[in-house]
Amino acid sequence: MGRLRAEQQNRRNREMRKLRMRSPGSGTSDPNQLFDDTSSGSAGFRSQEASGLGYPAQALLSEPMSNFAMAYGSSLASQGKEMVDKNLDRFIPISKLKYYFAVDTVYVGKKLGLLVFPYMHQNWEVSYQQDTPVAPRFDINAPDLYIPAMAFITYILVAGLALGTQDRFSPEILGMQASSALVWLIIEVLATLLSLYLVTVNTDLTTIDLIAFSGYKYVGMIVGVLAGLLFGKTGYYLILLWCCMAIFVFMIRTLRLKILSEAAAEGVLVRGAKNQLRMYLTMAIAAAQPVFMYWLTFHLIR
């Protein structure tokens, strides 16, 4: 009996050891631990929760930085724009250029008619409003840059057309034509400025005014070249002669109010050496227009 009880007791002890070995957390678990360790699961949950809360926190931190960067960039852009406008206005008066392009369709039509037929026009004075000349669209006598600019571009296109009809067109020749016309325009304006300085003329003519008046001759040049393409050399010479006379009269009647004295502008006899020089200068500027018109167009008609 005693041996049987000892065997049963040994069997129970072995079963108890097997149960302890099968319990969770074996290897590092404490045999006296009453509850399972779930700290690993809770740590994973906390890490997931922290990672879920991290994106809004980063967004809250990044929004002020992006707003600051945008504000700083816009301030730099505005400062750069002001600096460019200030330096650009020093060399190119943008505000003044807007005045010379303030035209409309009615003004352009009337001005073109005046350039081709100026003989019937009576009042050549520029209108003023509070010591400031009115915009060209309100006064046909006011100089503008729209017609000279468009006439210059159209002249280059018509020259290309004339060269193309004669099988002489090439981009190099057209470029030389445009460069030559531009160089002669600059030379003309610089010579006029130098002459006004040497004669000591006290006038309100500006450099932009001289560019505008010098650019009006391209209208007659375009008409002359088109007449040459349609009617040959005879039509070219007849129409160009008419346009040369028209631009000569236009320049005389326009510039005499700017260069000559008030007495000469009112039709009083010009007296004095200074007024004589001013009169000669006005006639020289007007007479130079037909010369340039012929020089820049005669080779386009054959």
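The values are calculated or read from the model by the stated rules, or taken from the named source; none is laboratory data. Note that this is a predicted model, so its numbers are computed, not measured. Counting neighbours? That spans all protein chains shown, and the Cβs are built from the backbone with ideal geometry, glycine included. Protein only, heavy atoms only, side chains kept; ligands, DNA and RNA dropped before computing areas. Shrake-Rupley method; radii C 1.70, N 1.55, O 1.52, S 1.80 Å.
Of everything listed in (1) of a type in the set (S, T, Y); (2) out of contact with any helix residue (DSSP H, G or I) (no Cβ under 8 Å at 6 or more places or on another chain); (3) closer than 18 Å to T154 by Cβ, the single unmet condition for T234 is (3). Whether a residue is free of Cβ contacts under 8 Å to residues at least 12 places away in the same chain and open to solvent by less than 60 Å² (accessible area, probe 1.4 Å) was assessed, and G160 does not pass this test. Of all residues in the range 192-204, those satisfying the criterion of being open to solvent by less than 50 Å² (accessible area, probe 1.4 Å) and either part of a helix (DSSP H, G or I) or touching a Ser or Thr at 6+ places or on another chain (Cβ under 9 Å) (or both) are T192, S195, L196, V199, V201. Among the residues of the range 168-185, those that are open to solvent by less than 90 Å² (accessible area, probe 1.4 Å) and over 18 Å from I222 (Cβ atoms) comprise R168, S170, I173, G175, S179, V183. Here the range 143-185 is the region considered, the condition is being assigned to a loop (DSSP other than H, G, I, E, B) and under 26 Å from the mean Cα position of the chain (by Cα), and the residue that is farthest from K111 (Cα to Cα) is L145. Could you say whether any residue in the range 278-298 is at pLDDT below 80, surrounded by fewer than 20 Cβ atoms within 10 Å (Cβ to Cβ) and of a type in the set (A, V, I, L, M)? No, because not a single residue in the range 278-298 is at pLDDT below 80, surrounded by fewer than 20 Cβ atoms within 10 Å (Cβ to Cβ) and of a type in the set (A, V, I, L, M). If the requirement is being open to solvent by 40 Å² or more (accessible area, probe 1.4 Å), of a type in the set (F, W, Y) and in contact with a Ser or Thr (Cβ under 8 Å, 6 or more places away or on another chain), which of these qualifies: F138, F152? Answer to the check: F138. Inspect all residues belonging to the range 99-119 and state whether any of them is surrounded by 12 or more Cβ atoms within 10 Å (Cβ to Cβ), closer than 21 Å to D209 by Cβ and modelled with pLDDT under 70. No, the range 99-119 contains no residue that is surrounded by 12 or more Cβ atoms within 10 Å (Cβ to Cβ), closer than 21 Å to D209 by Cβ and modelled with pLDDT under 70.
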